[in-house]
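Visitor: Please find one structure pasted underneath; my questions will follow.
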Amino acid sequence: QETSAALTETQTLLELNLQRNIEDKSTQEKLKFFDENILSEMLSTRQILISIYLNSPWKFAMHADDGGRIEKDFRNRNRFSSTDLVELQIEENRLVREYRQWISSAKTSFRGRETPLSVVIGRLSDHVTDIRKDAFTTYWSYIEKSEVELQNLFDRLLDNRNAQARAVGA
């Protein structure tokens with residue numbers, strides 16, 4: 001549990017660093033390395049340990065008073081920890097990161113100025129009606145121009161998540 005928490009913290013810090021500077025190649029490489037070498041190993045190792053527990057003749061003696069809750073939890077985790085699923089989850093992380101990079105680097109012309117899309121989104125709740133209207137029009141115009149790219153990314157993410165669902169029998 002502590003190892004998992006430490007790895008989650010490391011991944012979160014890397015993700016935050018990348019969100020602060022989406023163009024940081026060093027952090028991008030560290031995240032790629034983390035996904036491919038550390039996260040994949042952790043998920044595979046966790047599956048092995050869960051399998052050892054589930055096949056242990058002593059599991060009931062270890063948790064006699066929990067009414068089978070821990071075994072049920074581990075069986076559920078085991079279902080969502082297959083090797084095929086690990087690769088799909090890592091690919092999902094990459095696709096989500098690709099979307100974040102796209103949205104973070106997106107710029108458009110708003111009220112005569114080159115503006116990050118995130119700023120335009122923030123203006124959607126401006127107290128001045130004309131600014132809200134311009135922000136809405138600008139935002140959706142940008143989304144419409146980017147429809148093919150976004151749809152491609154969405155389709156790849158949907159395919160990935162459908163594959164994950166199939167891998168767990170859902």
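The values are calculated or read from the model by the stated rules, or taken from the named source; none is laboratory data. All figures in this text were calculated on a predicted structure; none of them were measured in a lab. Glycine gets a Cβ as well: all are built from the backbone with ideal geometry, and neighbour counts include every protein chain shown. Ligands, DNA and RNA are stripped out before the accessible areas are found, and what is left, the full protein with its side chains, is counted by its heavy atoms. Shrake-Rupley method; radii C 1.70, N 1.55, O 1.52, S 1.80 Å.
Visitor: Looking only at residues in region 122-140 that are in contact with a Phe, Trp or Tyr (Cβ under 8 Å, 6 or more places away or on another chain) and among the hydrophobic types (A, V, I, L, M, F, W, C), which one is farthest from Arg111 (Cα to Cα)? Quick ask: steps written out before the conclusion?
Guide: Within region 122-140, the first condition is being in contact with a Phe, Trp or Tyr (Cβ under 8 Å, 6 or more places away or on another chain), and the residues that meet it are 123-124, 134-135, 138.
Then drop every residue that is not among the hydrophobic types (A, V, I, L, M, F, W, C), which leaves 124, 135.
Working: Leu124: 13, Ala135: 9 Å.
Looking at residues that are in contact with a Phe, Trp or Tyr (Cβ under 8 Å, 6 or more places away or on another chain) and among the hydrophobic types (A, V, I, L, M, F, W, C), I get Leu124.
Visitor: Out of curiosity, is Ser26 more than 30 Å from Tyr139 (Cβ to Cβ), assigned to a helix (DSSP H, G or I), hydroxyl-bearing (Ser, Thr, Tyr) and at pLDDT 85 or above? Give the derivation first.
Guide: Working: more than 30 Å from Tyr139 (Cβ to Cβ): yes; assigned to a helix (DSSP H, G or I): yes; hydroxyl-bearing (Ser, Thr, Tyr): yes; at pLDDT 85 or above: yes.
Criteria met by Ser26.
Visitor: Further, regarding this structure: Inspect all residues belonging to region 10-17 and state whether any of them is under 19 Å from Glu87 (Cβ atoms) and within 18 Å of the chain's Cα centre (by Cα). Give the derivation first.
Guide: As a first pass, look at region 10-17 and keep what is under 19 Å from Glu87 (Cβ atoms): 11.
Now drop any that are not within 18 Å of the chain's Cα centre (by Cα), which leaves 11.
Yes - at least one qualifying residue is present in region 10-17.
One line per residue, one yes/no per condition, for (1) over 22 Å from Leu150 (Cα atoms); (2) open to solvent by 80 Å² or more (accessible area, probe 1.4 Å); (3) in contact (Cβ under 8 Å) with a residue 40 or more places away in the chain; (4) touching a strand residue (DSSP E or B) at 6+ places or on another chain (Cβ under 9 Å):
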{"site": "Glu41", "(1), (2), (3), (4)": "yes, yes, no, no"}
{"site": "Ser51", "(1), (2), (3), (4)": "yes, no, no, no"}
{"site": "Met62", "(1), (2), (3), (4)": "yes, yes, no, no"}
{"site": "Asp66", "(1), (2), (3), (4)": "yes, no, no, no"}
{"site": "Trp102", "(1), (2), (3), (4)": "no, no, yes, no"}
{"site": "Thr115", "(1), (2), (3), (4)": "no, no, no, yes"}
{"site": "Gly122", "(1), (2), (3), (4)": "no, no, no, no"}
{"site": "Asp126", "(1), (2), (3), (4)": "yes, no, no, no"}
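Visitor: Right, here's the next one. What tally of residues in region 1-34 results from selecting those that are open to solvent by less than 50 Å² (accessible area, probe 1.4 Å) and among the β-branched types (Val, Ile, Thr)?
Guide: The qualifying residues number 2.
Visitor: Within the bounds of region 54-66, is there any residue that is assigned to a loop (DSSP other than H, G, I, E, B), on the phi < 0 side of the Ramachandran plot and touching an Asp or Glu at 6+ places or on another chain (Cβ under 9 Å)? Reasoning before the result, please.
Guide: Filtering region 54-66 down to residues assigned to a loop (DSSP other than H, G, I, E, B) leaves 55-58, 63-66.
Filter once more, keeping what is on the phi < 0 side of the Ramachandran plot: 55-58, 63-66.
Cutting the leftovers down to touching an Asp or Glu at 6+ places or on another chain (Cβ under 9 Å) gives us 63.
Yes, region 54-66 contains at least one residue that is assigned to a loop (DSSP other than H, G, I, E, B), on the phi < 0 side of the Ramachandran plot and touching an Asp or Glu at 6+ places or on another chain (Cβ under 9 Å).
Visitor: Could you please let me know if Asp73 is part of a helix (DSSP H, G or I) and either open to solvent by 80 Å² or more (accessible area, probe 1.4 Å) or in contact with a Cys (Cβ under 8 Å, 6 or more places away or on another chain) (or both)?
Guide: On the way: part of a helix (DSSP H, G or I): yes; either open to solvent by 80 Å² or more (accessible area, probe 1.4 Å) or in contact with a Cys (Cβ under 8 Å, 6 or more places away or on another chain) (or both): no.
For Asp73, the condition - part of a helix (DSSP H, G or I) and either open to solvent by 80 Å² or more (accessible area, probe 1.4 Å) or in contact with a Cys (Cβ under 8 Å, 6 or more places away or on another chain) (or both) - is not met.
Visitor: Let me ask something else about it. Restricting attention to region 46-99, which residues are within 30 Å of Arg156 (Cα to Cα) and of a type in the set (Ser, Thr, Tyr)?
Guide: Residues satisfying the conditions are Ser81, Ser82, Thr83, Tyr99.
Visitor: Out of region 40-90, which residues are at pLDDT below 80, under 22 Å from Ala165 (Cβ atoms) and of a type in the set (Phe, Trp, Tyr)?
Guide: Listed by number, the list holds a single entry, Phe80.
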